[in-house]
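Here the structure is laid out as structure tokens; the discussion comes afterwards.
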Amino acid sequence: MTLLGLLLLMVTLWGLAYGSARAIVWIVLPPVLLISLQLANLLTPAWTIPLWGLFAITLFFYQMPEQRRQWITQPLLNAFRKVMPSMSTTEKEALNAGNVWWDGELFSGQPNWRQLLRQTPCHLTEREQAFLDGPVQHLCERLDDWHITHQQKDLPTEIWDFIKQSGLFGMIIPESYGGLGFSAYAHSQVVMKIASRSITAAVTVMVPNSLGPAKLLLQYGTDAQKEQYLKKLASGEAVPCFALTNPQAGSDAGAIPDLGVVTHGQYQGKQVLGIRLNWEKRYITLAPVATLIGLAFKLEDPQGLLGDDPQPGITVALIPRDTPGIAIGDRHMPLDIPFQNGPITGKDVFIPIDWVMGGVEGVGKGWQMLVESLSEGRGISLPALSTGAGKQASRYTGAYAAVRSQFGQPIGHFEGVEEALARIGGLTYQMDAARKLTLSALDSGESPSVISAIIKYHLTERYRLAINDAMDIQGGSGICLGPDNLIGRAYQAIPIAITVEGANILTRSMIIFGQGAIRSHPYVLKEFEAAENPDSQASLIQFDQALFNHIGFVVTNFARTCWLGITHGWLSESPKRGPSRRYFQRLNWMSAGFALTTDIALMTLGGSLKRKERLSARLGDILSNLYIASASLKRYIEEGERQDDLPLMQWALDDSLYRIQHALRGLLRNMPFRPLAWLLRIVIFPTGLPFHKPTDHLDHQVARLLLSPNEVRERLTQGIYTTEDQKQRVGQLEQALFAVTAAAPHEKTLRRAKRAGQLKSRGMRNLIKEAVTLGILSDSDRVALDEAERLRNQVIQVNAFERLSNATAGKQRETARIAKVNELGAA
């Protein structure tokens with residue numbers, strides 16, 4: 001009977017915790033239940049006396065905040081200050097960049113799915129769609145990527161002119177300054193389409209619209225600076241670059257040694273207040289052709305000419321290329337993808353103080369400007385390029401796998417190839433879903449810095465996986481470069497996307513969770529702010545409120561995780577019925593488990609978690625895959641919950657859930673405090689590990705969607721460059737896919753007749769001729785088969801080139817070099 005009484009008490013308390021009951025319920029219900037259990041003789045005095053004592057102590061400290069703060073909160077605050085990680089000024093500015101959006105819901109352990117589904121879907125205006133269908137399509141038709149990458153090593157002059165004249169350098173600049181004033185979604189769609197034709201051209205368009213002078217001017221520039229530069233940037237009259245990376249400071253951009261000293265100097269014949277600069281930068285995209293340089297440097301003011309601070313810190317300035325002391329024009333060659341990229345140096349360069357971004361008011365605010373701009377820009381360009389690569393692999397490699405035949409059947413029908421095709425299709429579905437969800441947030445005014453880091457890392461990594469699978473499937477046709485190779489340059493460019501705008505290893509191991517745990521957690525940032533408050537009394541009150549809310553948060557997530565683990569999410573909230581319902585419930589379970597694990601890791605490791613980069617990376621993986629799974633579900637519902645899209649949605653969710661489970665398993669296996677790790681393993685997965693990779697049957701379903709013309713394939717690959725032009729390999733491949741699909745029933749008839757012994761000939765042409773003679777095939781069937789065979793032979797060919805002698809090759813290189821020097825001189 002006592003056990004029954006204790007069980008009833010525990011279930012009641014667990015229910016209150018699971019439902020996040022209000023304080024008044026906690027005050028009233030437990031004593032009522034204790035009295036009832038006593039009257040029913042379900043609890044003996046040996047139990048009721050300690051329980052009443054515990055309740056009385058808890059109630060006392062709840063009702064007496066002064067005593068609670070003195071005896072409980074103050075010692076905990078002192079301990080917290082000892083273990084909390086130190087944060088530099090640059091780290092604090094990075095934490096304050098952007099805002100918290102859906103990542104906050106995922107950290108809560110109780111995501112509000114209806115809030116997610118209410119998020120406005122991405123859409124293009126008529127003007128944006130017309131631009132994509134007009135100038136962007138025209139640009140793609142004119143681009144010859146083989147000529148650009150192999151022969152000229154640059155965009156042709158007419159392409160540079162078209163990009164400038166069409167306004168592609170001014171997509172983010174408002175119409176009032178002569179720009180296009182496009183949404184983030186339109187910006188992304190433009191980059192994705194161009195990237196599917198030429199990565200060199202896409203990067204050239206990306207940079208002026210990403211982290212650079214235009215973006216910084218719009219947010220931080222003075223009115224005079226905006227008037228001076230924005231119209232020139234929009235028209236292409238001014239070509240921008242942004243110089244941040246120094247040989248001594250790459251990922252640790254906050255440690256740049258490039259120095260500016262406030263002083264007086266001569267400018268246009270007058271003595272003015274300004275800055276004398278010395279710098280060395282490298283890896284600067286568009287630097288060799290830039291006319292306007294955005295420069296980040298550390299500013300010192302030893303004479304106090306600007307104020308009392310002798311070291312104002314990182315500052316950004318806009319500097320014309322022709323300013324004396326600048327050396328610019330040399331090129332790097334990033335993996336033979338010849339977008340303009342190179343070093344810039346400056347020696348004793350003097351600039352007026354009003355060249356600082358934002359004028360004197362912008363002094364020392366450079367790092368804040370950079371991280372806030374990066375929190376948006378990182379979510380647009382590289383995810384667009386990565387998603388475009390996935391769409392290319394889905395469309396082009398899928399078509400190739402249907403057309404290319406070995407052992408008497410399309411290679412796409414082999415199970416090993418199906419596995420790779422399914423991965424390409426499923427990853428592309430995830431990438432596009434995450435891209436669109438993030439863009440919808442940006443276009444609705446959000447600036448989710450943690451999420452932009454998530455999609456930069458995970459979409460470029462999925463790009464790597466998808467293109468590697470495409471190369472495996474295409475074999476020799478993938479590795480032989482030439483005008484007809486549609487994925488070779490995308491393969492070469494993978495490390496570039498992985499490296500820029502935050503190297504992926506750093507982003508995964510230090511930024512996603514390192515920033516997210518403090519920024520997106522509902523209470524951790526409040527505790528940090530309270531601990532750093534110099535007012536001791538205000539600090540204690542702030543910390544007390546945040547701490548006990550945090551304790552309640554942990555208790556709630558513990559109760560939720562226990563129940564959701566036992567039930568595998570059954571009975572938990574879901575905004576939809578049908579196939580998506582169980583996935584919403586499983587994500588409820590994983591979100592609660594993530595929230596609980598995060599708090600346990602923070603409590604047990606404290607500031608050392610900052611140095612436990614692999615544990616932090618796994619926690620970041622959980623958060624990231626919760627986000628990607630959320631985006632995939634939203635996409636499926638947003639697009640009408642079509643039955644034919646179901647395999648892609650299921651693949652995306654099964655893959656995300658398996659990745660979450662894998663990250664949790666690795667985290668728990670490596671947590672240093674083993675008893676807590678064992679407890680968490682039992683609480684989160686009490687019945688074992690439930691999630692698995694997508695099944696073979698699901699792989700088969702997804703792969704088949706890429707092997708024939710259909711609406712799902714069109715939706716999956718929408719937005720990349722396509723054409724019916726039979727002079728281009730894209731058009732040839734599409735025509736071959738349609739022809740092979742149409743001829744497939746006739747090929748099946750031939751195979752059946754061959755197996756039945758009706759046909760004796762060897763070779764496809766002879767078999768067709770014999771089948772027509774015997775009446776097995778009609779003349780129209782023969783025409784369809786002949787056309788399919790002709791087109792198949794056309795698209796499986798690879799480019800071959802005349803062998804050049806060393807002398808001839810050297811002469812050609814020298815001629816090209818001289819021509820380039822002359823072209824730059826003329827410019």
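The values are calculated or read from the model by the stated rules, or taken from the named source; none is laboratory data. In this text, all values refer to a predicted model and were calculated from it rather than measured experimentally. Neighbour counts run over all protein chains shown; Cβ positions are idealised from the backbone, glycine included. The protein model used for the area step is the full one, side chains on, heavy atoms only, and it has no ligands, DNA or RNA in it. Shrake-Rupley method; radii C 1.70, N 1.55, O 1.52, S 1.80 Å.
The conditions of being at pLDDT 95 or above and out of contact with any Gly (no Cβ under 7 Å at 6 or more places or on another chain) are not met by Leu277.
Among residues of region 295-319 that are buried (at least 18 other Cβ atoms within 10 Å of the Cβ), those with a Cβ under 6 angstrom from a residue that is in a strand (DSSP E or B) and aromatic (Phe, Trp, Tyr), sequence gap 6+ or separate chain, pair up as Phe297/Trp279.
Those helices (runs of 4 or more DSSP H) of region 160-275 in which at least 3 residues are open to solvent by less than 10 Å² (accessible area, probe 1.4 Å) and under 27 Å from Gln728 (Cβ atoms), considering only elements entirely within it, cover 184-195, 199-209.
The residues on offer are Leu7, Leu51, Leu42, and the sole one that is surrounded by 15 or more Cβ atoms within 10 Å (Cβ to Cβ), at pLDDT 85 or above and at negative phi is Leu51. Here Glu66 passes the criteria (1) at pLDDT below 85; (2) over 29 Å from Ala601 (Cβ atoms); (3) among the acidic types (Asp, Glu) except the one numbered (1).
Residues that are open to solvent by less than 30 Å² (accessible area, probe 1.4 Å) and among the hydroxyl-bearing types (Ser, Thr, Tyr) were ranked within region 458-493; the one that is nearest to the chain's Cα centre (by Cα) is Thr460.
Residue pairs whose Cβ atoms lie under 8 Å apart, sitting 6 or more positions apart in sequence or on different chains, and linking a residue in region 742-763 that is closer than 17 Å to Gln406 by Cβ to a partner that is exposed (fewer than 15 other Cβ atoms within 10 Å of the Cβ), are Arg751/Gly408.
Yes or no, residue by residue, for (1) β-branched (Val, Ile, Thr); (2) in contact with a helix residue (DSSP H, G or I) (Cβ under 7 Å, 6 or more places away or on another chain); (3) over 30 Å from Gly98 (Cα atoms):
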| position | (1), (2), (3) |
| --- | --- |
| Pro111 | no, yes, no |
| Leu124 | no, yes, no |
| Leu143 | no, yes, yes |
| Ile148 | yes, yes, yes |
| Ile172 | yes, yes, no |
| Val191 | yes, yes, no |
| Arg197 | no, yes, yes |
| Ala201 | no, yes, no |
| Pro213 | no, yes, no |
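For residues that are more than 18 Å from Ile796 (Cα to Cα), of a type in the set (D, E, K, R) and open to solvent by less than 30 Å² (accessible area, probe 1.4 Å), tally how many sit in region 712-760. Going through region 712-760 one residue at a time, the tally reaches 2.
Comparison of Ile163, Ile148, Ile172 shows that the only residue that is touching a Lys or Arg at 6+ places or on another chain (Cβ under 8 Å) and either touching a residue at least 12 places away in the same chain (Cβ under 8 Å) or within 28 Å of Ser373 (Cα to Cα) (or both) is Ile172. For region 787-804, the tally of residues that are part of a helix (DSSP H, G or I) and either surrounded by fewer than 16 Cβ atoms within 10 Å (Cβ to Cβ) or aliphatic (A, V, I, L, M) (or both) stands at 5. Looking at Gln119, Gln115, Gln151, Gln74, just one residue is loosely packed, with under 14 Cβ neighbours inside 10 Å and farther than 25 Å from Tyr18 by Cβ, and that residue is Gln151. Restricting Gln368, Gln340 to those that are closer than 17 Å to Glu501 by Cα and open to solvent by 20 Å² or more (accessible area, probe 1.4 Å) reduces the list to Gln368. Just to verify a result, which residue in region 674-700, among those that are open to solvent by 70 Å² or more (accessible area, probe 1.4 Å) and in contact (Cβ under 8 Å) with a residue 24 or more places away in the chain, is farthest from Val191 (Cα to Cα)? Looking at residues that are open to solvent by 70 Å² or more (accessible area, probe 1.4 Å) and in contact (Cβ under 8 Å) with a residue 24 or more places away in the chain, I get Thr687.
Return yes or no: is Glu446 outside any helix (DSSP H, G or I) and farther than 21 Å from Val203 by Cα? Answer is yes for this residue.
Residues in region 472-504 that are part of a loop (DSSP other than H, G, I, E, B) and of a type in the set (Val, Ile, Thr): Ile487, Val500. If the condition is being closer than 15 Å to Gln165 by Cα, modelled with pLDDT under 95 and among the hydrophobic types (A, V, I, L, M, F, W, C), then region 203-250 contributes no residue at all.
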